[in-house]
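Visitor: The following block contains the structure, expressed as structure tokens.
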Amino acid sequence: MIFITVGTQLPFERMLTYVSQWLEKSGYTGNVVAQVGEESGFESDRMVVYKTLSNNQYYHWFSQAEVIVSHAGMGTILSCLDSRKRGVFLPREFAYSEHRNDHQLDTANAFANQYPSLRFCFDRSAFHAALDACVAQAADSIPVVSGDTASDNALGQRIGAYLGLRSINE
């Protein structure tokens, strides 16, 4: 099952269109659930579409999913790492009027190639290839981080130190 989330602030029609195009050509037969945003006009006969989800509904679908598809928002990225989920991320871009600036491009560039389970894409063909690869792989075939848990990774250590939850050398 694939769970798509666009976040809570803005719709993300370009990403939803890319997923629809991929579904048409890929032959994927699993379930696809999408949280598309209150302002979205997106509809699909191949996906279960919700404008918004409660926290419980969101975490229900997130936990059921084999692959998470999302904008390059830190919350979803960290949730994928923490939950050991495979993720395909497409940053919103200012040039397409998808956000107020290009901070998601900066995030995607910073995370690209850092975690084998997370794929950051910058165009439709890379996005489709990432979906193909994630769906083709068994859930346990991709190491999420090099340590035993997501909290053992360098990013987690830096965030924990910044928040005062642990020291970097702990």
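Visitor: When the accessible area of the range 1-147 is split by element with a 1.4 Å probe, what percent falls to carbon and sulfur?
Guide: Carbon-and-sulfur percentage of accessible area, whole number: 47.
Visitor: Okay, next question. Ranked by accessible surface with a 1.4 Å probe, highest first, in what order do 40, 26, 125 come?
Guide: Descending accessible area places them as 125, 26, 40.
The values are calculated or read from the model by the stated rules, or taken from the named source; none is laboratory data. All figures in this text were calculated on a predicted structure; none of them were measured in a lab. These accessible areas exclude ligands, DNA and RNA; they are computed on the full protein's heavy atoms, side chains included. Shrake-Rupley method; radii C 1.70, N 1.55, O 1.52, S 1.80 Å.
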